[in-house]
Amino acid sequence: MWVITGILAAAAVIMMIEIPSLIKRKLRKELWVFTILLIIGTGLSIAQGLHWPIPSPLDLVIAVYKPISNIIYGHLK
């Protein structure tokens, strides 16, 4: 429970520091990207803090390129 509280507190501090400056400079697209990335990062940090299994992005890369690798390797034999 303390892990979640700490992560949410850190995210709130980051938001209080960054968002007013983005709004003042009228950087709407950057504000959207910042907000989305902060939400994703906060969610992943909470999942990591709760010891939930988080898949590696490398698993997706392997799944995509493994069949291609097998075809090329088969032609080289």
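Rule-based calculations on the coordinates, nothing more; no lab input. All of these numbers come straight from a predicted model, not from anything done at the bench. Here the Cβ positions follow ideal geometry from the backbone for every residue, glycine too, while neighbour counts run over all protein chains shown.
Residue under question is Ile17, and the condition is that it be of a type outside the set (Gly, Ala, Ser) and surrounded by 10 or more Cβ atoms within 10 Å (Cβ to Cβ); does it hold? Working first, answer last.
Values: of a type outside the set (Gly, Ala, Ser): yes; surrounded by 10 or more Cβ atoms within 10 Å (Cβ to Cβ): no.
It is false that Ile17 is of a type outside the set (Gly, Ala, Ser) and surrounded by 10 or more Cβ atoms within 10 Å (Cβ to Cβ).
From the list Tyr73, Tyr65, pick out the single residue that is exposed (fewer than 10 other Cβ atoms within 10 Å of the Cβ) and free of Cβ contacts under 8 Å to residues at least 60 places away in the same chain. Even if it seems obvious, please write down each step before you answer.
On the way: Tyr65 fails: exposed (fewer than 10 other Cβ atoms within 10 Å of the Cβ).
Among Tyr73, Tyr65, only Tyr73 is exposed (fewer than 10 other Cβ atoms within 10 Å of the Cβ) and free of Cβ contacts under 8 Å to residues at least 60 places away in the same chain.
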